[in-house]
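The next block holds one structure in the form of structure tokens; read it before the comments.
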Amino acid sequence: MKTKLTAIIVGAGHRAFVYGEYALQHPDELEIVGVADPSPGRRARTMRWFNLKPAQSYESAAALAALPKCADFIINGTMDQHHVPTSLPLLAAGYDILLEKPFATSEDELWQLVHAARQYGRKISICHVLRYTPFYAAIRREVMAGTIGEIINVQAVEHVSYHHMAVGFVRGKWSRRDWCHSTMLMAKCCHDLDLIAWMKSGVAPVRVSSVGGNFQFRPDKAPPDAGTRCLVDCPIEADCLYSARKHYLDHLDRWKYYVWEGLEHVENPTMEDMNASLKGDNPYGRCVWKCDNDVVDHQSVAIEFADGCTATLNMIGGSSRPTRLLHLIGTKGEIQGCFEDSHFVIRHIDPRPGHEYTERTVDLNVQGDMTGAQDGHGGGDGRVTKDFLHVLRGEVPSISSTGLEDSVSGHLMGFGADRARETGTVVPIKLER
Ligand SMILES: NC(=O)c1ccc[n+]([C@@H]2O[C@H](COP(=O)([O-])OP(=O)(O)OC[C@H]3O[C@@H](n4cnc5c(N)ncnc54)[C@H](O)[C@@H]3O)[C@@H](O)[C@H]2O)c1
């Protein structure tokens, strides 16, 4: 296999650029040779970034797929509801695909994609960026080395910060199922479910239950006198924790690629432009209690595996600090850590007189953005493209490599959990269809 590969960006949003940027940093390994996106502005921007010619620009995934294959692989950064519909014709056209998560929005879509990838013999990797972080990769290595024996229980927690909750799941793109087709659990925590499945690699999840709902972000929880738009008609804006001014104008870089999407056509938007946008029809200017959101803001999931191991995931939106916690309890010891602290401890039973357990700290010492608010994900984002190049060149990929089939059980746990929550039942998980 040649060492330098070519890729076409399909869905030219900020996530596709996170992965495509590898080509700018390593031009000897990767070249972006096209862009497919219905938005003329996004196509033009991508053409500028990657120095593309008009003939390398396509109006959609389907338009690209209708032509003879003209790159080694696709970086598919479309939104959740477009992942499978855009990938199916591209697989048929012979492309391998680096695909964003969640890779499907339902079990039916999941099996459609899996069967198509098998039928065409194509490779798909899923952008489960957390697997690539030094923190989770080091924990996985300890588990693989048998440091804590067989895992009896996994406890995962994700506290979705108040600003992330508001921008993503109340005011934003993942706030309604009829828009993005994903639940909050799948949009936010398919990573955490994937990590649980990864820690238990080789053991099938067999059943799942779940409870949760929208506790806070609904009209009946609005403070008295709250308006409908923070900067237009709200007399309590100055005292409000969710004021759009405080979230977006006072933190210009945080979530900028969502909040200022409507100003993408303006070269260098000024504060006046942004103020006017939040006062106008920008969805991020709306009162968080008076949006049309229909997803949960907190959800708990319980899973049982074929070997009897149990796992829980607690997702809570609206926390002061973004936090991901992981605690694995094994037959020989335990691992406990906080992703944002970038270190974890390994404990072992110590039955000697005067002792109870030993404890060793593993410090990964990663700094910077851990959440994705400015892209980063604790060092995970940058490693995904590199690893897919290894996969395509037939080299040994990292332990974090997440092929489509590796991602199936985590996604099935999520779809099962949502069905369990909605129906009040315990849902069996079937790993084949
Ligand atoms: N891995 C992670 O940690 C992580 C973090 C954030 C978001 N995501 C996921 O990344 C994905 C992309 O998010 P984003 O905010 O960059 O999206 P975005 O909305 O900014 O970009 C999607 C692009 O796809 C284009 N598009 C729509 N239909 C198309 C078609 N038929 N053919 C080609 N292009 C088409 C749109 O015009 C748009 O430009 C989402 O699925 C999201 O859930 C993943």
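Data overview
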item	result
Residue list for region 12-39, filter: assigned to a helix (DSSP H, G or I) and of a type outside the set (S, T, N, Q)	H14, R15, A16, F17, V18, Y19, G20, E21, Y22, A23, L24
Flag for R383 being more than 18 Å from C190 (Cα to Cα), out of contact with any Leu (no Cβ under 6 Å at 6 or more places or on another chain), surrounded by 15 or more Cβ atoms within 10 Å (Cβ to Cβ) and without any contact (Cβ under 8 Å) to a residue 40 or more places away in the chain	no
Candidates W198, W255 - the one that is within 15 Å of M165 (Cβ to Cβ) and touching a helix residue (DSSP H, G or I) at 6+ places or on another chain (Cβ under 8 Å)	W255
Residue within region 176-187 that is surrounded by fewer than 24 Cβ atoms within 10 Å (Cβ to Cβ), of a type outside the set (V, I, T), out of contact with any His (no Cβ under 7 Å at 6 or more places or on another chain) and in a loop (DSSP other than H, G, I, E, B) present	yes
Condition check for V295: surrounded by fewer than 21 Cβ atoms within 10 Å (Cβ to Cβ) and in a loop (DSSP other than H, G, I, E, B)	no
Check on L389, at pLDDT 95 or above, outside the structural domain of K188 (by TED's automatic domain parsing) and not charged (D, E, K, R)	yes
Members of region 74-86 that are free of Cβ contacts under 8 Å to residues at least 60 places away in the same chain and either more than 8 Å from the ligand (Cβ to nearest atom) or surrounded by 22 or more Cβ atoms within 10 Å (Cβ to Cβ) (or both)	H83, V84
Residues of region 92-107 classified as surrounded by fewer than 23 Cβ atoms within 10 Å (Cβ to Cβ) and among the hydrophobic types (A, V, I, L, M, F, W, C), total	2
Inter-residue pairs, beta-carbon under 9 Å, first free of Cβ contacts under 8 Å to residues at least 40 places away in the same chain and in region 102-113, second in a helix (DSSP H, G or I), 6+ apart	E109/H83; E109/V84; E109/P85; Q112/V84; Q112/L88
Every pair of residues 6+ apart whose Cβ atoms lie under 6 Å, when the first sits in region 29-55 and is under 19 Å from F73 (Cβ atoms) and assigned by TED's automatic domain parsing to the domain that holds H82 while the second is near the ligand (Cβ under 9 Å from one of its atoms) and of a type in the set (F, W, Y)	A36/Y58
Residue in region 343-364 that is more than 30 Å from the chain's Cα centre (by Cα), outside any strand (DSSP E or B), in the same structural domain as V170 (by TED's automatic domain parsing) and in contact (Cβ under 8 Å) with a residue 24 or more places away in the chain present	no
Subset of region 274-292 that is without any contact (Cβ under 8 Å) to a residue 60 or more places away in the chain and exposed (fewer than 14 other Cβ atoms within 10 Å of the Cβ) - its residue that is nearest to the ligand (Cβ to nearest atom)	D281
Region 298-322 - residue that is outside any strand (DSSP E or B) and crowded, with 18+ Cβ neighbours inside 10 Å and, of those, farthest from the chain's Cα centre (by Cα)	C309
Residues of region 20-43 that turn out to be surrounded by fewer than 17 Cβ atoms within 10 Å (Cβ to Cβ) and within 20 Å of A63 (Cα to Cα), as a count	4
Residue in region 143-170 that is surrounded by the fewest Cβ atoms within 10 Å (Cβ to Cβ), counting only those that are in a helix (DSSP H, G or I) and of a type outside the set (V, I, T)	M144
Among the candidates A71, A16, residue that is near the ligand (Cβ under 10 Å from one of its atoms) and hydrophobic (A, V, I, L, M, F, W, C)	A16
Residue in region 323-341 that is assigned to a helix (DSSP H, G or I), in contact (Cβ under 8 Å) with a residue 24 or more places away in the chain and surrounded by fewer than 19 Cβ atoms within 10 Å (Cβ to Cβ) present	yes
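The values are calculated or read from the model by the stated rules, or taken from the named source; none is laboratory data. Note that the structure is predicted; figures quoted are calculated from it, not measured. As a convention, Cβ positions derive from the backbone with ideal geometry for all residues, glycine included, and neighbour counts pool all protein chains shown.
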